[in-house]
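Q: Pasting a structure below so you can have a look.
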Amino acid sequence: MKNILPEVGIEIPPRWRIVPAPCADASDRIRLVIDPGPGFGDGTHETTQLCLQALAAFAPRTGPWRMLDFGSGSGILAIGAARLGAAVDAVEIDPLARAHGERNARANDVADRIRHARTLEDTGDSFDLVVANILRSVLLEFAEGLVARLASRATLVLSGLVSTDVPQVIARYSPLLGGVRPDVFENGDWRALAWRGLR
């Protein structure tokens, strides 16, 4: 995927500033350095922005916590979570994208907080926040596996969806989550679903 991040970076309220290379930044935003590469997620796409905003809103405020980033691509969400204090398992099947995510983690000095994995089976079994910004078909296929990894009172965020995807994804996940329906967030044509305080 071609990286089109402006040289000056972009801001994603309320917490983030995405930049293409290390730089001085006097703002109160959390700076994420994302270099061009094959992994999806440079901060310019609406689904990435929705997930970063969800991360800022729903990340635990105290104590150690864990996040699963399923379909991690460039690692932008994993890096954001690590900057907020999480230990992260980042799952990416594409070896080039996974290497790209590892490079970005090192550029942000959080490589020690992110464990990169190829499959969901290679991850831990309990997470406070599970985020998957990926195709609808993949979300549907891996529903049971993602739900099974939710800790008590966890939050699940799913994105990569357009409005016509939403009913099918809710119909797949809500029965697995005790019938709870998600909050739906919008950015342009794109949607993110968030189930909070689960199990």
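The values are calculated or read from the model by the stated rules, or taken from the named source; none is laboratory data. Predicted, not measured: the structure shown is a model, and the values here were computed from it. Because the Cβ atoms are built from the backbone with ideal geometry, glycine has one as well, and the counts that use them run over all protein chains shown. Side chains are part of the model used for accessible areas, which takes the heavy atoms of the whole protein and leaves out ligands, DNA and RNA. Shrake-Rupley method; radii C 1.70, N 1.55, O 1.52, S 1.80 Å.
Q: For region 125-190, what % of the accessible area comes from carbon and sulfur atoms, probe 1.4 Å?
A: 51 percent
Q: Amide H of GLY41 versus every other amide H placed in the peptide plane: which residues, excluding those fewer than 5 positions away on the same chain, fall under 5 Å?
A: The answer is SER74.
Q: Size of the dipole of the chain about the Cα centre, Lys and Arg at +1 and Asp and Glu at -1 on the beta carbon, nothing else charged, in debye to 20?
A: The calculation lands at about 460 debye.
Q: Quick check: with the 1.4 Å probe, what order do THR47, THR164 take by accessible area, largest first?
A: Putting THR47, THR164 in descending order of accessible area: THR164, THR47.
Q: Once amide H atoms are built 1.01 Å from N in the peptide plane, which residues 5 or more positions from PHE127, or in another chain, come under 5 Å H to H?
A: LEU150, ALA151
Q: Before I look further, what does the chain give for accessible area per residue, probe 1.4 Å, in whole square angstrom?
A: Accessible surface, normalised per residue, equals 45 Å².
Q: With unit charges on the beta carbons (Lys and Arg positive, Asp and Glu negative) and the dipole taken about the Cα centre of the chain, which residue among ALA78, TRP195, THR48 sits farthest to the positive side?
A: Toward the positive end, the furthest listed residue is TRP195.
Q: At a threshold of 8 angstrom on Cα-Cα distance, excluding pairs fewer than six apart, so keeping six or more, what relative contact order does region 94-150 reach in percent?
A: In percent, rounded to a whole number, it is 33.
Q: Taking only C-alpha pairs under 8 Å that are 6+ residues apart, what is the relative contact order of region 14-109 in percent?
A: Taking the mean separation of contacting Cα pairs over the length of region 14-109, I get 28 percent.
Q: Here's another thing I want to ask about it. Please work out, to two decimal places, the log10 of the ratio I(q)/I(0) at q = 0.09, 0.14, 0.19 Å⁻¹ from a Debye calculation in which every Cα of the chain carries one identical scatterer.
A: Log10 of I(q)/I(0), two decimals: -0.29, -0.73, -1.40.
Q: Along the Cα→Cβ direction, 7 angstrom out, place labels at ASP122 and THR62. What is the inter-label distance in nm?
A: 3.6 nm
Q: What nm distance separates the two modelled labels at ALA148 and ASN187, each placed 7 Å from Cα along Cα→Cβ?
A: Between ALA148 and ASN187, the label points sit 3.1 nm apart.
Q: How much accessible surface does SER163 have with a 1.4 Å probe, in Å² rounded to 10?
A: 60 Å²
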